[in-house]
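To start, the structure under review is shown below, and the notes come after it.
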Amino acid sequence: MPTYEVVIGLEVHAELITQSKMFCACSADFFGAPPNTHVCPVCLAMPGALPVINREAVAQTIRAGLALNCTIAEDVRFERKNYTYPDLPKGYQITQYELPQAVNGWLEIDTPDGSKRIRITRAHLEEDTGKLVHENGVSLVDYNRAGVPLLEIVSEPDMRSIDEVNEYLTRLRQLLIYIGASTGDLEKGAMRMEANVSLRPAGSQELGTKVEIKNLNSFRAVRNALAYEIARQEKVLREGGQVEQVTLGWLEHEGRTYVQRTKEEAHDYRYFPEPDLPPLHIDRAWVEELAAGLPELPRARRQRFVEQYGLSRKDADILTAERAVADYFDALVAAVGDAMPPKKVANWVMGDLFRLVNESGLPISGIPVTPAKFAELLKLLAAKTINANTASQVLKTMFRTGEDAGAIVEREGLAQVSDEAALERLVDRLLAEHPDEVARYRAGKTQLFGWFVGQVMRETRGKANPGVVKKLLEGRLAEHGQDE
Amino acid sequence: MSDLPRTIHETRQWLRSGQITSVELTEAYLERIQQVEPQVHAYLHVAADAALAQARLADERRAAGEDTPLLGVPLAIKDVINVLGMPATAASRILEGFMPPYEATVAHKLREQGAVFLGKANTDEFAMGWSTENSAYGATHNPWALDRTPGGSSGGPAAAVAAGEAPAALGTDTGGSVRQPASWTNTVGMRPTYGRVSRYGVIAFASSLDQVGPITRDVRDNAILLEAIAGHDPHDGTTFPDPVPPYSQMLEGGVKGLRLGLPREYLTEDMHPGVREATQEAVRVLRDLGAVVEEASLPYTDYGMPVYYLIATAEASANLARYDGVRYGYSAGAADLQENYKLTRGRGFGPEVKRRILLGAYALSAGYYDAYYLKAQKVRTLIRADFDAAFQRFDALVAPVAPIPPFRIGEAPTDPVALYLLDVLTLPSALAGAPGISVPAGFVEEDGEQLPVGIQFIGRPLDEATLYRIASAFERATGYGERAPTDAAM
């Protein structure tokens, strides 16, 4: 039985973040708006209407191209892709075909065998279509989305497993969100995927016949459709059959693909240069300006977190997954300064802070505990003014009220008791009150040590300096033993 | 007729002096329209109420001290140009009754300057034709010989101006559609440089060729009107940012010392002798005026026709895809989507439009693209180079406009290729994006009818000023344009 290697390439459509649509002044922020309220003569393709290029969308495309290590084309041309469908008002889509904005790049992903570069064939700019709504036996068209700028990112068939596909999509989405090119909001349709997949005998260099799967609107759909399709192709091949070159759709609810069209039915899009738009010349200086304006990209940031902060790669990955989190962490570490090692700061962020953020549902950029406030708390902890237990409690209050750590500690009298004399009196009293436990401890039941610590903490409402308590208890319990 | 000012600039004098108000003028034109329309059929829509409202507004603006060249001046607008409050049909069934929700930049500019829109003038369907016979709403008749065509596709605007139904009009020229009807109606028609005038709101035929141009009774009016509509438009990415020269103040200066080229390829063998004579006579006049007229050569002239009919139809095949019965215009109302597409477009488009959509889609289709569309684009570059080379030597070119005088309605050549050859003299300059102006150059007699003939001057891109200067000198020396058709004919 031969084993088969899976070969997968992806086309990802991402809606770009811009004020207005690709070719008109209509707001591109259409989600949830009543149907056909974000429309004008241009995006409705009224007779005589003409497109004009949205410079912001071109800028976003260039930024994405740069982030994907692409070559940015200086001469770009829009073309008409002709086909007929009610959601396509002009009867053609304006897109980049022969001269795309960005070519020959790559995106680095993690695999169990280390880093891997997935090559990017091209990233180009085009316009989105409207949306069909089927209701009560009739079909309605909403053109709010028609003309929204869309970035199409085409990869080479470089992925060899569904895990790699998932990693590629996750990293691509992360990158686009990082640079502010797309919201990456899959639920709102801001990213839509198409996959092409083929199988070949392991070790073979030739590509098998590929099948294209369209309309994949979530990463889960991509995974499920690929799993289904890989199993189907493998079965065909094992039975000695041949995979047919087709375009498939994916029925999420039924968990199966269906044939949309065969090779013979392939569209002839009759591409030709868009005569309404002059060819675009991209100024080098503009590209450099856009490159300079790019933020630190996730992978570089992760590497820096490892090197500069001494974090594990796993922790660095978690803390750089979202730009806002990484920004928060950078600011926090800077504010904490030498008071606490970044590794410990990271544990506070990934533990207590993440829990509170998740519970609140707030974005990290919008929480009341700013990096400066959090730093103040961590400094109190580092200075042993409060202990870890108290810090955790104070953080909760800060999150709820937005108060400063110092104010809460002072008002509630939470400062840690490190006064040895006071603690000594307390320890003595406790040991005197619990002679049985003391006897048992001395008889060898040393696990009781924790119980004694707990008693001290209870008496001090958690404020006792655990180090001091430990030292005193160890001393006293041993002392008594020597006495007798 | 005789009690009205002949031109825009005369009209301005009348309005200034209070000899007439814009309302009176508009009423007079509406009356004239009523009188001759049954014979001429220059208009598809006469907007009497809207025109009078605009005229009243213009009179108020004048009373308030405004005095711009077009304030209160009535105009006819070709029905491929969107004007608010008036239907825009492009003479097609598929846009029957369509009211545009926005206005073309040119119409908006004219409205701002106080012009009055009398109505929408006839055209070949989607500006595809030579005679207005392809209009879904009936052909326009030539005021000089009612059994003949005024030419096309801007036959409606040209006939309206010739018949005194408007002092001036806006047409569009894709491959000759302003110049050819101007030459056949004894009017002045300018096709500006591609990109000089905004196409926003102008129903597209062929995007890389369409240009709006004025049709007027004299050269000065033409310059006034172009000045009013030209210029950069943020809604049209193909417009030039260059400032618009004051054309109407650049008419003097004559042609003395100007070098004019007469392309030998344009004097074709099958040219009507009357047209040939008028051209030779025009050359004599220009030489008498001091111009240096020499033979020029545009070697790729013969390719103009095939190149044009590949590129223009390819663009049209996409431009007309939006007429699908989904959002506006005619819809067959079939329950099935595919069926509705077929019926809507099958019934909505006329035969010439269908022919061009098919031709264009074919030229773009896989396997034929390189041989047709791409090759045509390459040859278009060579045609442009022809003109560039000629303009190294010459300040402008002088040439006939149409190889024959207006033919009788219903007697157009039946072979489409023969028909397509009618605009061989206007296509190449359109492909080159160069401006061209047609000016009255006399009359030929055919079957006892006096038929107008024009001469065209073709200039360097963005050098409309030189064309106006030549045309103005020629007009002053000849005076053909002052002749109007007799009312007896109408």
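The values are calculated or read from the model by the stated rules, or taken from the named source; none is laboratory data. Note that the coordinates shown come from a computational prediction; the quantities given were computed from them, not determined experimentally. Here Cβ is always computed from backbone atoms with ideal geometry, including for glycine, and neighbour counts include all displayed protein chains.
Annotations
Per-residue answers, yes or no, for (1) under 30 Å from B:Gly481 (Cα atoms); (2) part of a loop (DSSP other than H, G, I, E, B); (3) away from chain A (no Cβ under 14 Å):
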{"position": "B:Val83", "(1), (2), (3)": "yes, yes, no"}
{"position": "B:Pro87", "(1), (2), (3)": "no, yes, no"}
{"position": "B:Ala90", "(1), (2), (3)": "yes, yes, no"}
{"position": "B:Ile94", "(1), (2), (3)": "no, no, no"}
{"position": "B:Leu118", "(1), (2), (3)": "yes, no, yes"}
{"position": "B:Thr123", "(1), (2), (3)": "yes, yes, no"}
{"position": "B:Gly129", "(1), (2), (3)": "yes, yes, yes"}
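- Single condition A:Glu206 does not satisfy, out of (1) of a type outside the set (Val, Ile, Thr); (2) at positive phi; (3) more than 32 Å from the chain's Cα centre (by Cα); (4) at pLDDT below 95: (2)
- Residues satisfying the criterion are absent from region A:252-261 (criterion: crowded, with 17+ Cβ neighbours inside 10 Å and not polar (S, T, N, Q)).
- Residue count for region B:397-435, restricted to those that are of a type outside the set (Asp, Glu), in a loop (DSSP other than H, G, I, E, B) and on the phi < 0 side of the Ramachandran plot: 16.
- Residue match in region A:25-43 (condition: at the interface with chain B (Cβ under 9 Å from one of its Cβ atoms), within 23 Å of B:Phe126 (Cα to Cα) and either buried (at least 24 other Cβ atoms within 10 Å of the Cβ) or among the small types (Gly, Ala, Ser) (or both)): yes
- Some residue of region B:263-286 being crowded, with 20+ Cβ neighbours inside 10 Å, outside any helix (DSSP H, G or I) and of a type in the set (A, V, I, L, M, F, W, C): no
- Being within 54 Å of the chain's Cα centre (by Cα) and touching a residue at least 40 places away in the same chain (Cβ under 8 Å) is true of A:Leu423.
- Any chance A:Ile53 is assigned by TED's automatic domain parsing to the domain that holds A:Ile213 and touching a helix residue (DSSP H, G or I) at 6+ places or on another chain (Cβ under 7 Å): no
- With respect to being surrounded by 17 or more Cβ atoms within 10 Å (Cβ to Cβ) and free of Cβ contacts under 8 Å to residues at least 60 places away in the same chain, A:Gly184 falls outside the description.
- Filtered by the rule that a residue be surrounded by fewer than 20 Cβ atoms within 10 Å (Cβ to Cβ) and either farther than 30 Å from A:Ile17 by Cα or outside the structural domain of A:Val243 (by TED's automatic domain parsing) (or both), region A:187-204 gives A:Arg200, A:Pro201, A:Ala202, A:Gly203, A:Ser204.
- Hey, A:Ile62 part of a helix (DSSP H, G or I), crowded, with 24+ Cβ neighbours inside 10 Å and touching a helix residue (DSSP H, G or I) at 6+ places or on another chain (Cβ under 9 Å) or not: yes
- Residue match in region B:144-154 (condition: among the aliphatic types (A, V, I, L, M), surrounded by 24 or more Cβ atoms within 10 Å (Cβ to Cβ), in contact (Cβ under 8 Å) with a residue 24 or more places away in the chain and at negative phi): no
- Verdict on B:Val73 being more than 14 Å from chain A (Cβ to nearest Cβ), in contact (Cβ under 8 Å) with a residue 24 or more places away in the chain and out of contact with any His (no Cβ under 8 Å at 6 or more places or on another chain): yes
- Among the residues examined, A:Arg425 qualifies as farther than 30 Å from A:Arg355 by Cα and of a type in the set (Lys, Arg).
- Scan of region A:235-279 for residues that are more than 23 Å from A:Glu126 (Cα to Cα) and assigned to a loop (DSSP other than H, G, I, E, B), ordered by number: A:Glu239, A:Gly240, A:Gly241, A:Gln242, A:Val243, A:Glu244, A:Gln245, A:Glu252, A:His253, A:Glu254, A:Gly255
- Taking the criterion of being more than 12 Å from chain A (Cβ to nearest Cβ) and either surrounded by fewer than 21 Cβ atoms within 10 Å (Cβ to Cβ) or free of Cβ contacts under 8 Å to residues at least 24 places away in the same chain (or both), the residues of region B:331-349 that qualify are B:Ala332, B:Gly333, B:Ala334, B:Glu339, B:Leu343, B:Gly346, B:Arg347.
- For region A:70-127, taking the residues that are β-branched (Val, Ile, Thr) and in contact with a helix residue (DSSP H, G or I) (Cβ under 7 Å, 6 or more places away or on another chain), the one that is farthest from the other protein chains (Cβ to nearest Cβ) is identified as A:Thr111.
- Any chance A:Ala266 is small (Gly, Ala, Ser), loosely packed, with under 14 Cβ neighbours inside 10 Å and within 13 Å of another protein chain (Cβ to nearest Cβ): yes
- Looking only at residues in region B:309-324 that are at the interface with chain A (Cβ under 9 Å from one of its Cβ atoms) and hydroxyl-bearing (Ser, Thr, Tyr), the one that is farthest from B:Leu427 (Cα to Cα) is B:Tyr323.
- The set of residues in region A:355-371 that are in contact (Cβ under 8 Å) with a residue 40 or more places away in the chain and under 12 Å from A:Ala335 (Cβ atoms) contains only A:Pro371.
- Any strands (runs of 3 or more DSSP E) falling wholly within region B:159-242 and containing at least 1 residues that are basic (Lys, Arg): B:188-191
- So A:Leu207, is it in contact (Cβ under 8 Å) with a residue 60 or more places away in the chain, under 21 Å from A:Glu229 (Cβ atoms) and surrounded by fewer than 22 Cβ atoms within 10 Å (Cβ to Cβ): yes
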